[in-house]
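Scroll down for the structure; my scribbles are underneath it.
The values are calculated or read from the model by the stated rules, or taken from the named source; none is laboratory data. What you see is a predicted model, and the numbers here were worked out from it, not measured in a lab. Using ideal geometry, Cβ is built from the backbone for each residue, glycine included, and neighbour counts are taken over all protein chains shown. Please note that ligands, DNA and RNA were not included when accessible areas were found on the heavy atoms of the full protein model with its side chains. Shrake-Rupley method; radii C 1.70, N 1.55, O 1.52, S 1.80 Å.
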Amino acid sequence: MAVLNRVLRSRRPGSFFSLRSFRSSSFLNSETDLKASASVIPKPLPLHRDVKDRNVQWVFLGCPGVGKGTYASRLCHLLGVPHIATGDLVRDELAASGPFALQLAEVVNQGKLVSDEIIINLLSKRLEASAAKGETGFILDGFPRTIRQAEILEGVTDIDLVVNLKLREEALLAKCLGRRICSDCGGNYNVASIDIKAEDGNPGMYMAPLLPPPQCASKLITRSDDTEEVVKERLRIYNDMSQPVEEFYRSRGKLLEFDLPGGIPESWPKLLRALNLEDPEDKWSAAA
């Protein structure tokens, strides 16, 4: 809890991303400017957060398939802030056949990371839309993935907290291969039933499948990039390129590491406790 008390920051009313800074090519190409623009550290908030505080600016890190989207979206629902997933931004751009569609398709199908320039362009458009709707605060999911992205982000906003979700690799692989999407409603499901036995001092782990409702059962599709070869390549790239981002935030006292103990019923209540939050309705755990 001491880590959380250090990293939770007070926000100025209406503070948000500077979209003009995002668009400036000179800004993006100058690491010196990025480092020089670091904000003065605000006063810390009290240890216990009010779930009505809509100004949190958090980042969720973790390997592909660890569950960043699941837990980030549920926290966004609880806190009343937008959930901004760069993976969804990329898929939306692909579906819209926008200017980056062909370039994105080649990169995504090979399991490689999308360039900083493209991600920042898509993120900037999403933040513009949020600002136009009067939204405050956010939880970023899937960004930053590199040190350069983290430096860019630090230069334009003050991230309060970075939650690093961890899961054993064998469970990660099974989860990724079990992911399914309803072609009709777009709902995300997982058909994998993960049951890892305890051995060599490591605890066992059970993660039940997240099955679709009857109306979606016959309409499930697999993402084109969820093959074993591509998933393993994504994990390799993450380990090689993205894990230094953890140290970037750890050195700034903003990193909260959380080992997922199992599926949603086990992990959600423990994550809330780690964040000093309570779900008044407690419906997510009950539903899972």
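Give the residue that is most open to solvent (accessible area, probe 1.4 Å), with candidates limited to residues of the range 207-241 that are hydroxyl-bearing (Ser, Thr, Tyr) and under 23 Å from the mean Cα position of the chain (by Cα).
Going residue by residue through the range 207-241, those that are hydroxyl-bearing (Ser, Thr, Tyr) are 218, 222, 224, 227, 238.
From the residues that got through so far, the ones that are under 23 Å from the mean Cα position of the chain (by Cα) too are 222, 224, 227, 238.
Numbers: Thr222: 71, Ser224: 86, Thr227: 61, Tyr238: 24 Å².
Among those residues, the one meeting the criterion is Ser224.
I'd like to know if the range 172-183 contains one or more residues that are surrounded by 14 or more Cβ atoms within 10 Å (Cβ to Cβ) and over 23 Å from the mean Cα position of the chain (by Cα).
Quick first cut of the range 172-183, residues surrounded by 14 or more Cβ atoms within 10 Å (Cβ to Cβ) only: 172-182.
Pick out the ones that are also over 23 Å from the mean Cα position of the chain (by Cα) and you get none.
Looking for residues that are surrounded by 14 or more Cβ atoms within 10 Å (Cβ to Cβ) and over 23 Å from the mean Cα position of the chain (by Cα), one finds none in the range 172-183, hence no.
Going by the conditions given, is Leu78 open to solvent by 50 Å² or more (accessible area, probe 1.4 Å), over 25 Å from Ala192 (Cβ atoms) and either in a helix (DSSP H, G or I) or aliphatic (A, V, I, L, M) (or both)? Spell out how you get there, then give the answer.
Values: open to solvent by 50 Å² or more (accessible area, probe 1.4 Å): no; over 25 Å from Ala192 (Cβ atoms): yes; either in a helix (DSSP H, G or I) or aliphatic (A, V, I, L, M) (or both): yes.
Here the answer is no, as Leu78 does not meet what is asked.
Give me the pairs: first residue in the range 111-128 and under 22 Å from Val231 (Cβ atoms), second residue among the basic types (Lys, Arg) and outside any loop (DSSP other than H, G, I, E, B), beta-carbon distance under 7 Å, and six or more apart or on different chains, which are they?
If the second residue must be among the basic types (Lys, Arg) and outside any loop (DSSP other than H, G, I, E, B), the pairs left are Gly111/Arg234.
Which one of Glu117, Glu106 is in a helix (DSSP H, G or I), within 23 Å of Tyr249 (Cα to Cα) and either open to solvent by 40 Å² or more (accessible area, probe 1.4 Å) or not acidic (Asp, Glu) (or both)?
Details: Glu106 fails: within 23 Å of Tyr249 (Cα to Cα).
Within the list Glu117, Glu106, the selection yields Glu117.
Take the range 247-281 and flag every residue that is surrounded by 17 or more Cβ atoms within 10 Å (Cβ to Cβ) and not hydrophobic (A, V, I, L, M, F, W, C).
Answer for the range 247-281, where residues must be surrounded by 17 or more Cβ atoms within 10 Å (Cβ to Cβ) and not hydrophobic (A, V, I, L, M, F, W, C): Tyr249, Lys254, Gly262, Gly263, Ser267, Asp279.
Look through Ala150, Ala132, Ala198 and report the one residue that is open to solvent by 20 Å² or more (accessible area, probe 1.4 Å) and under 29 Å from Ser115 (Cβ atoms).
Values: Ala150 fails: open to solvent by 20 Å² or more (accessible area, probe 1.4 Å); Ala198 fails: under 29 Å from Ser115 (Cβ atoms).
Testing whether each residue is open to solvent by 20 Å² or more (accessible area, probe 1.4 Å) and under 29 Å from Ser115 (Cβ atoms) leaves just Ala132.
If we only count strands (runs of 3 or more DSSP E) wholly inside the range 129-231, which ones have 2 or more residues that are free of Cβ contacts under 8 Å to residues at least 40 places away in the same chain?
Numbers: elements: 138-141, 161-166, 179-182, 188-190, 194-196, 205-207.
By residue number, 188-190, 194-196.
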